[in-house]
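S.K.: This is the structure, below, for whatever I ask next.
The values are calculated or read from the model by the stated rules, or taken from the named source; none is laboratory data. Note that the structure is predicted; figures quoted are calculated from it, not measured. We place every Cβ from the backbone using ideal geometry, glycine too, and count neighbours over all the protein chains shown.
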Amino acid sequence: MCWEKPETGGVSMLIILEKILISNLKKSTLNCMTSAKTHASLSVKTVIVPAAGMGTRFLPATKTIPKELLPVVDTPGIELIAQEAAQLGADKLAIITAPKKREVLAYFDRYPALETMLEARGKTHQLEKVRNTNNLPTPIAVEQTEPLGLGHAVGLAEQVLDDDENVVAVMLPDDLVLPMGVVVKMMEVRAQLGGSVLCAFEVPHEEVYNYGVFDIEDAPDYHGDYVVKKVRGMVEKPAVDDAPSNFVATGRYLLDRAIFDALQRITPGAGGELQLTDAIALLIDEGHPVHILVHDGKRHDLGNPGGYIPAVVDFGLADPVYGPHLKKVLREILDEHGA
Ligand code: UTP
């Protein structure tokens with residue numbers, strides 16, 4: 001069943017965009033008068049969430065359901081990403097969306113009829129869950145009419161930035177990086193080294209062919225607790241023997257505003273798409289500092305069933321309501337499969 005969306009949703013989201021732009025203009029004037037430089041360099045106001053991809057690896061479900069709305073236990077991946085953006089202190093969530101994926105933005109609407117019904121029936125826990133989206137950064141729809149690539153999608157978000165925003169975060173909604181908070185660490189690295197900071201994972205050497213692999217060197221200027229390396233370049237899905245390292249890219253980027261200019265200057269790369277990694281490579285060639293922070297937690301790739309299923313099991317086992325039963329059932333299933 002579908003609940004009515006009387007407040008925002010669909011076309012009215014564009015009106016919201018206009019209002020936000022106006023209010024941000026006011027805010028940015030204020031910032032300029034007070035501490036624009038400090039704010040601009042030390043905090044992230046906008047998190048870009050590219051969600052306009054076709055989700056072909058998740059067909060047939062994605063014939064009608066955007067993959068960003070598939071639930072991890074009961075909460076869509078995109079809400080988990082919005083929570084991560086909130087934890088970072090961002091004000092705006094620039095969601096890049098496709099014409100046929102309006103449900104993604106509608107998810108962040110308010111549903112008064114649903115809330116009233118839950119309240120009347122005393123379903124306070126569910127009511128709380130429904131209202132969770134009210135406390136997240138303000139979603140702004142940015143439409144990508146054709147899936148021309150991640151680089152193209154990210155480039156479209158420049159229109160929602162204020163003049164004083166020198167840095168943006170990009171969080172891919174099909175990538176869960178846990179525990180939450182890696183971009184906060186990446187901001188600390190940027191505060192020390194400037195430029196752009198990317199999140200990397202170390203994977204076994206024989207698995208590198210699945211990923212974008214970093215060509216790295218030591219970062220002697222970094223003084224801190226994290227594992228940080230300077231990036232010389234990147235190779236997309238190399239043969240195992242050609243891989244320059246076993247540090248691979250994941251879906252968290254902290255990018256200097258210079259990325260938007262670089263995105264204007266790249267041409268279609270792998271798969272005929274405008275690739276974000278090509279714009280980053282261009283910045284590196286031009287002397288812009290790019291570093292990786294090697295994350296020591298875990299990650300789930302929600303973009304395909306092979307990564308999504310373990311994510312649901314992981315979150316399910318950690319859930320106080322479903323966890324104990326799931327543990328028991330999983331043991332039975334493992335026995336049944338002789339595992
Ligand atoms: P993916 O390549 O993982 O997503 O892009 P996809 O294209 O939906 O996946 P498949 O291969 O067809 O299954 C990484 C992220 O970039 C977004 C996607 O929505 C995903 O979050 N993206 C990709 C865009 O927003 N626009 C694009 O043109 C391409």
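S.K.: So in segment 179-216, with the set limited to residues that are under 12 Å from residue 251 (Cβ atoms) and hydrophobic (A, V, I, L, M, F, W, C), which one is farthest from the chain's Cα centre (by Cα)?
M.R.: Once the filter is applied, the top-ranked residue is 201.
S.K.: Residue by residue through segment 212-230, note down the ones that are over 27 Å from residue 314 (Cβ atoms), surrounded by fewer than 18 Cβ atoms within 10 Å (Cβ to Cβ) and in contact with a helix residue (DSSP H, G or I) (Cβ under 9 Å, 6 or more places away or on another chain).
M.R.: Hits for segment 212-230 are 221, 222, 223, 224.
S.K.: Go through (1) farther than 24 Å from residue 56 by Cβ; (2) buried (at least 18 other Cβ atoms within 10 Å of the Cβ); (3) not acidic (Asp, Glu) for residue 318 and report which single condition fails.
M.R.: (2)
S.K.: State whether one or more residues within segment 107-126 are part of a loop (DSSP other than H, G, I, E, B), within 16 Å of the ligand (Cβ to nearest atom), in contact with a Pro (Cβ under 6 Å, 6 or more places away or on another chain) and over 29 Å from residue 188 (Cα atoms).
M.R.: Looking through segment 107-126, none of the residues is part of a loop (DSSP other than H, G, I, E, B), within 16 Å of the ligand (Cβ to nearest atom), in contact with a Pro (Cβ under 6 Å, 6 or more places away or on another chain) and over 29 Å from residue 188 (Cα atoms).
S.K.: Now, a different point. Give me the pairs, please: first residue somewhere in segment 148-171 and closer than 19 Å to residue 194 by Cβ, second residue anywhere and among the aromatic types (Phe, Trp, Tyr) and within 16 Å of the ligand (Cβ to nearest atom), beta-carbon distance under 6 Å, and either six or more positions apart or on two chains.
M.R.: 170/253
S.K.: Just to be sure before I move on: is residue 90 within 12 Å of the ligand (Cβ to nearest atom), small (Gly, Ala, Ser), buried (at least 20 other Cβ atoms within 10 Å of the Cβ) and over 17 Å from residue 176 (Cβ atoms) in the structure I sent?
M.R.: Spelling it out, it is not the case that residue 90 is within 12 Å of the ligand (Cβ to nearest atom), small (Gly, Ala, Ser), buried (at least 20 other Cβ atoms within 10 Å of the Cβ) and over 17 Å from residue 176 (Cβ atoms).
S.K.: Give the residues of segment 44-83 that are more than 13 Å from the ligand (Cβ to nearest atom), assigned to a helix (DSSP H, G or I) and crowded, with 23+ Cβ neighbours inside 10 Å, sorted by residue number.
M.R.: Scanning segment 44-83 gives a single hit, 82.
S.K.: Let me ask something additional. What are the residues in segment 164-211 that are within 16 Å of the ligand (Cβ to nearest atom), more than 21 Å from residue 223 (Cβ to Cβ) and crowded, with 22+ Cβ neighbours inside 10 Å, if any?
M.R.: Within segment 164-211, 168, 169, 170, 171, 172, 173, 174, 176, 177 meet the criteria.
S.K.: Would you pick out the residues in segment 284-296 that are within 21 Å of the chain's Cα centre (by Cα) and at pLDDT 95 or above?
M.R.: 290, 291, 292, 293, 294, 295
S.K.: Checking residue 255 against (1) part of a strand (DSSP E or B); (2) farther than 22 Å from residue 157 by Cα; (3) not β-branched (Val, Ile, Thr), which single condition isn't satisfied?
M.R.: That leaves (2) as the condition not met.
S.K.: Write out, first by first residue and then by second, each pair whose Cβ atoms fall under 6 Å of each other, whose residues are 6+ apart or on separate chains, and whose first residue, in segment 241-265, is at negative phi and within 14 Å of the ligand (Cβ to nearest atom) while the second is in a helix (DSSP H, G or I) and not hydroxyl-bearing (Ser, Thr, Tyr).
M.R.: 252/182; 252/183; 263/151; 263/155; 263/279
S.K.: Taking only pairs six or more apart or across chains, which ones have beta-carbon atoms under 7 Å, a first residue in segment 133-144 that is over 17 Å from residue 83 (Cβ atoms), and a second residue that is assigned to a loop (DSSP other than H, G, I, E, B) and within 16 Å of the ligand (Cβ to nearest atom)?
M.R.: Every condition considered, the pairs that remain are 143/99; 144/52; 144/98.
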